[in-house]
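None of the figures in this text is laboratory data; all of them are computed from the coordinates on show. Because the structure is predicted, anything quoted here is derived from the model rather than measured. Note that we place each Cβ from the backbone using ideal geometry, even for glycine, and neighbour counts take in every protein chain shown.
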Amino acid sequence: MSEEELIELKFRLYDGSDIGPIRYSSNSTVGMLKERIVSEWPRDKKIVPKAANDVKLISAGKILENNRTVGQCRVTFGELPGGVITMHVVVQPSLVKTKTAEKKVDDMPGKSVCSCSIL
């Protein structure tokens with residue numbers, strides 16, 4: 001029976017600080033990584049995600065899907081034997097907040113407001 005492969009990951013936050021590095025099983029899903037990030041998020045930050053759905057993980061310029069495993073994303077990660085893979089963490093507002101913000105913009109007739117979104 002072969003030993004399960006462990007991949008060392010760290011997560012870069014918006015202010016340049018990191019969570020990790022931590023070793024994860026290649027069978028861990030991206031959703032599981034997000035839950036761990038939310039649970040270990042430093043509480044002294046201005047922006048704090050409330051749930052795993054508020055977080056997007058980006059590796060090699062691609063947004064990782066929740067149902068994919070770390071092993072399945074291996075091609076995205078590349079081959080770094082013994083190296084630590086850094087993923088960028090983006091916190092996005094929940095859909096409820098976005099709809100509230102859009103409503104406020106509509107309530108201000110005559111105001112020029114940019115409604116650009118980065119996805």
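Simple spin-label estimate for Asn27 and Asp15 gives 3.7 nm between the two label positions (7 Å along the Cα-to-Cβ direction from each Cα). When each of the peptides 55-65, 24-34 is scored by how many other beta carbons lie within 10 Å of its residues on average, the order from highest to lowest is 24-34, 55-65. Modelled label positions at Glu35 and Val90, each set 7 Å beyond Cα in the direction of Cβ, lie 2.4 nm from each other.
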